[in-house]
């Protein structure tokens, strides 16, 4: 039995609330079609594609932008991606309540989207319309008049949204004119710590939220960092102002945005004194901005001046989100800038206030040193491309098999010409069309396989490419890492041109690098998804250096003097554990 997938869409998050009807209406429409019109040929798939708050007029439901898991953010685009990679079979159908759920784009863009679906082999059913048949290329060839219905729906859907957009823009302009004239009107973008009094036609402080805002202001002016404030609010289980009706954590950026808002001293949309009783005066707000500017110049910045070579494929082991680079330039104990900026890697969830247990960080220099010296420059080809020979051989076999089938179809098509006058013209045309469709499908499959083959062949297969990427000499015979010093590698990795080259090469060889900031390890996966390397803790070198220094102290020399080799090994392991604990405590502080 073939699968029927349900696609639900509404333009704003509010339409998904319990008292709204969008989800129920569209769900029931799909279920009713399966019961009354599928004739037992289709069954409703368990997976439902829901475009919650994705406008079809703006094309958000077909956005190609990727989320943290690497999937398209547009729900309809995600469906098409699953069709292209073979997860969803091409004889499946998509159930949509009406055409305006499918698209509200202008006619040209909407037609292109409609044609893309037909070309993929997926059938479309508009379950809430009078035309309840499965619309495919074959049906349109037999009954082209259906295109009048489709074209009419395209025009209607776009015109409705365009007119609604025009009215909204006009209403906003009219509202702004009244506000500039001195009238205080309710506004959806007004901060929640103010509430609108309809009787007095003015804004007043929200007594439930004012204590939270005052706490943030006072703690920041008292010297607490943005992280300390957000962690304190989360520890006290105080919900963020933006999502006060549901459980949501505070983040550093949420605190920063609140403190930067001009609404604190009463200004709104460049209108002064819009909120009658401000939270603070302008002088206090100016002081806060000076403190924020000083903090942003000193610490906690993203390293925008430094290319992240792991960008796009370096992910967190816990939540799967991207790893970001931060930089600290200030030495607070000495009260002056650091001689060398300290750069680190951490999960981007922390700065966005999202849940993730990997709340530690990893020294970027140690990570990159380990990545290049212990993994990539030693034996990249065997580790990365070892299983791609088999993949290449399979692709060559598949291409040859499909090419043989294509040749046979060509022979059959040529033979049809000799049957003219023997069989009816209608039957001859039908067989010709079927052979043509089969031929086109095989050619498309061959092109796709050749694309995969070219992608593998384009992968760097020489160690020299990597050495050249980090600007090392490749003219020596039997190149190995030992012929280059740590200082040379480190120096070249500080050059952004070199880093850009690496960021270009690495995604062709590696699918992802998964970082565990708690264990201070990372795992590398090749393009086939196979694990090819797992590192030791990247701070192990630092710890061992400290152990070597400690072992020369008299107290430790005396302790190890009469020990057996086994006892010395146990003693060193104990020292290693103690130092690792101290390092973690220091970083946590």
Are any residues in the range 501-520 part of a loop (DSSP other than H, G, I, E, B) and either at pLDDT below 75 or under 23 Å from the mean Cα position of the chain (by Cα) (or both), and if so, which ones? 509, 517, 518
When you go through (1) surrounded by 11 or more Cβ atoms within 10 Å (Cβ to Cβ); (2) on the phi < 0 side of the Ramachandran plot one by one for residue 166, which number turns out not to apply? (1)
Test for residue 523: is it at pLDDT 70 or above and not in a loop (DSSP other than H, G, I, E, B): yes
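Does residue 212 satisfy the criteria of being under 17 Å from residue 261 (Cα atoms), in contact with a helix residue (DSSP H, G or I) (Cβ under 7 Å, 6 or more places away or on another chain) and modelled with pLDDT of 90 or more?
Answer is no for this residue.
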Test each condition in (1) more than 21 Å from residue 27 (Cβ to Cβ); (2) under 28 Å from the mean Cα position of the chain (by Cα) for residue 140 and report the one that comes out false. (2)
Conditions (1) at pLDDT 80 or above; (2) assigned to a strand (DSSP E or B): number failed by residue 330: (1)
Would a scan of the range 298-314 turn up a residue that is part of a strand (DSSP E or B), modelled with pLDDT of 80 or more and under 20 Å from the mean Cα position of the chain (by Cα)? yes
Looking at the range 112-139, which of its residues are touching a helix residue (DSSP H, G or I) at 6+ places or on another chain (Cβ under 6 Å), farther than 20 Å from residue 85 by Cα and assigned to a helix (DSSP H, G or I)? 137
(1) free of Cβ contacts under 8 Å to residues at least 24 places away in the same chain; (2) crowded, with 16+ Cβ neighbours inside 10 Å; (3) assigned to a loop (DSSP other than H, G, I, E, B): which one isn't true of residue 240, the others all being true? (1)
Selection within the range 107-126 - more than 18 Å from residue 56 (Cα to Cα) and either surrounded by 14 or more Cβ atoms within 10 Å (Cβ to Cβ) or touching a residue at least 24 places away in the same chain (Cβ under 8 Å) (or both): 118, 120, 121, 122, 123
Residues of the range 161-182 that turn out to be outside any helix (DSSP H, G or I) and touching a residue at least 12 places away in the same chain (Cβ under 8 Å), as a count: 0
Those residues that are under 38 Å from the mean Cα position of the chain (by Cα), free of Cβ contacts under 8 Å to residues at least 24 places away in the same chain and outside any loop (DSSP other than H, G, I, E, B), I need them from the range 195-225; list them, please. 195, 196, 211, 215, 218, 219
Out of the range 54-87, which residues are farther than 29 Å from residue 513 by Cβ and out of contact with any strand residue (DSSP E or B) (no Cβ under 7 Å at 6 or more places or on another chain)? 55, 57, 58, 59, 60, 62, 83
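The values are calculated or read from the model by the stated rules, or taken from the named source; none is laboratory data. The model shown is predicted, which means the values in this text are computed figures rather than measured ones. Glycine also receives a Cβ, built like all others from the backbone with ideal geometry; neighbour counts cover every protein chain displayed.
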